[in-house]
1. Determine, yes or no, whether Leu43 is closer than 27 Å to Asp125 by Cα, under 20 Å from the mean Cα position of the chain (by Cα) and modelled with pLDDT of 95 or more.
2. Mind listing just one residue for me: the one in the range 1-28 that is away from the ligand (no atom under 16 Å from the Cβ) and of a type in the set (Lys, Arg) and, of those, nearest to Ala102 (Cα to Cα)?
3. Pick from Arg31, Arg93: which is open to solvent by 60 Å² or more (accessible area, probe 1.4 Å), more than 14 Å from the ligand (Cβ to nearest atom) and more than 13 Å from the chain's Cα centre (by Cα)?
4. Quick one: what pairs do we get from the range 36-53, first residue outside any helix (DSSP H, G or I), second open to solvent by 40 Å² or more (accessible area, probe 1.4 Å), C-beta under 8 Å, 6+ apart or different chains?
5. Show the residue pairs that are 6+ apart or on different chains and have beta-carbon atoms under 8 Å apart, the first residue being within the range 1-18 and at pLDDT 95 or above, the second being of a type in the set (Gly, Ala, Ser).
6. Please work out which residue is nearest to Leu6 (Cα to Cα), limiting yourself to the range 42-63 and to residues that are open to solvent by 30 Å² or more (accessible area, probe 1.4 Å) and within 7 Å of the ligand (Cβ to nearest atom).
7. Of the conditions (1) within 30 Å of Arg129 (Cβ to Cβ); (2) near the ligand (Cβ under 9 Å from one of its atoms); (3) assigned to a loop (DSSP other than H, G, I, E, B), His77 clears all except one; give me its number.
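The values are calculated or read from the model by the stated rules, or taken from the named source; none is laboratory data. Being a predicted model, the structure only gives us computed values, none of them experimental. Cβ coordinates were reconstructed from backbone atoms using ideal geometry, including for glycine residues, and neighbour counts include every protein chain displayed. Surface areas here come from the heavy atoms of the whole protein model, side chains and all, with no ligands, DNA or RNA. Shrake-Rupley method; radii C 1.70, N 1.55, O 1.52, S 1.80 Å.
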Amino acid sequence: MGITVLVLTGLRLAWRIFHRPPPSPAGMPARERRAAAAAHGVLYGLLVGLPLTGWAVVSLSPFNLPTVLYGLVPWPHLPLAPLLSDPAAAEGRLKVVHAYGAWFLTALLVLHVVAALRHHLILRDDVLRRMLPARRPSPSSEVLGSTR
Ligand code: HEM
């Protein structure tokens, strides 16, 4: 499933390069704009970094078990061990990074949902609605540049 996340994130990033996100709502404070941009950047970083660290962990595992996506598609391992002086130590460290990264992603996801609900229920702008497909920003949105 993590490899599926990696593939979907790759597609999302390719799409994102050619599609500008809608502008921030009018009157959104600069610090919130910066916080949103930083959170989105870290979300993308984790969506790429987590699968890569997981992939590196299975690639360095001394058990050398095959990785088979959904029990159907054999997935190659990264040829990392020959590049490292101490593959076992690197595997241990990557496991820690992978585990903390996953919990950090979970926390950031919760924060992201809370922020979207705040926009919808308290600030009453269209930030949550426009995350849905086929939505255009409402005329009340100010063209002030992207926060995503
Ligand atoms: C978005 C992608 C991913 C997420 C959110 C994720 C999340 C997690 C979480 C929550 C754990 C348990 C950490 C803990 O011990 O507390 C874990 C462990 C693990 N993940 Fe992932 N993972 C992802 C991608 C991958 C991928 C792509 C692979 C390998 C192809 C992978 C391989 C592993 C392995 C081998 C462990 C066990 C590590 C250990 O022995 O401690 N993960 N992952």
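1. Yes, satisfied.
2. Only one residue fits best here, namely Arg16.
3. Details: Arg93 fails: more than 14 Å from the ligand (Cβ to nearest atom).
Within the list Arg31, Arg93, the selection yields Arg31.
4. Listed by first residue and then by second, the contacts come to nothing, as the list is empty.
5. Once the first residue is at pLDDT 95 or above and sits in the range 1-18, its partners that are of a type in the set (Gly, Ala, Ser) give Gly2/Gly54.
6. Leu47
7. (1)
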